[in-house]
Amino acid sequence: MDHPHSPEPAAAGDSAAVPGRGLDPALRALLLSIYAGTRTIAVVGASGDESKQANRIPVYLQSQGYRILPVSPHGDELFGERVYRSLAEIEEPVDVVDVFRPSAETPDIARQAVAIGAHVLWLQFGIESEQARQIAEAGGLTVIMNRCMGATHGLLGLGPGPHAH
């Protein structure tokens, strides 16, 4: 499903000159540091269906220079990369685990993210879980919830955003 708007409203007036200025300054700094420190993103729930956000957002992030490792029980290949059936199958460093799965599945995904040594658990727009947050934070991960990783990248002025034409 396409989201008609970013989770953050666009700033008006003079603040438009500073991308992401409407964000809390501490959150803005945290988000910028996440993108700056990220090279590899494991996308749990990645989809081959081009009409889905779980396809469009990873494609956008890949276009911005991030390595995307798709994770789906269906296996095969997506975005020019092998599809892993679980996070545990990934044998290289993962910076961010970006989740496109229902909130109820996220505590288990958080445990797996901790187990593989990821740095960030990012739950996409509409996905929240306090249990997943507690598990991930206890394992040393930074947690972002209910925010689109692609739209936020655009909001911060790091790229055009996934909905740019």
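The values are calculated or read from the model by the stated rules, or taken from the named source; none is laboratory data. Worth saying up front: this structure is predicted, and the values here are computed from it rather than measured. Reconstructed Cβ throughout: ideal geometry from the backbone, glycine too, with neighbour counts over all protein chains shown.
Looking at Leu69, Leu61, Leu23 in this structure, which one is in contact with an Asp or Glu (Cβ under 9 Å, 6 or more places away or on another chain) and at pLDDT below 95?
Going through Leu69, Leu61, Leu23 in turn, just one is in contact with an Asp or Glu (Cβ under 9 Å, 6 or more places away or on another chain) and at pLDDT below 95: Leu23.
If only residues of segment 101-130 that are among the polar types (S, T, N, Q) and free of Cβ contacts under 8 Å to residues at least 60 places away in the same chain are counted, the one that is surrounded by the most Cβ atoms within 10 Å (Cβ to Cβ) is Thr106. All of Arg56, Arg39 fail the test of being under 14 Å from the mean Cα position of the chain (by Cα), closer than 21 Å to Gly161 by Cα, surrounded by fewer than 16 Cβ atoms within 10 Å (Cβ to Cβ) and in contact (Cβ under 8 Å) with a residue 12 or more places away in the chain, apart from Arg39. Within segment 64-91, the residues that satisfy the criterion of being under 18 Å from the mean Cα position of the chain (by Cα) and either touching a residue at least 40 places away in the same chain (Cβ under 8 Å) or at positive phi (or both) are Gln64, Gly65, Phe79, Tyr84, Leu87, Ile90. Arg147 passes all but one of (1) under 10 Å from the mean Cα position of the chain (by Cα); (2) charged (D, E, K, R); (3) farther than 20 Å from Ala36 by Cβ; which number fails? In the conditions (1) under 10 Å from the mean Cα position of the chain (by Cα); (2) charged (D, E, K, R); (3) farther than 20 Å from Ala36 by Cβ, Arg147 misses (3) alone. The set of residues in segment 131-155 that are in contact (Cβ under 8 Å) with a residue 60 or more places away in the chain, outside any helix (DSSP H, G or I) and either surrounded by fewer than 19 Cβ atoms within 10 Å (Cβ to Cβ) or polar (S, T, N, Q) (or both) comprises Thr142, Asn146.
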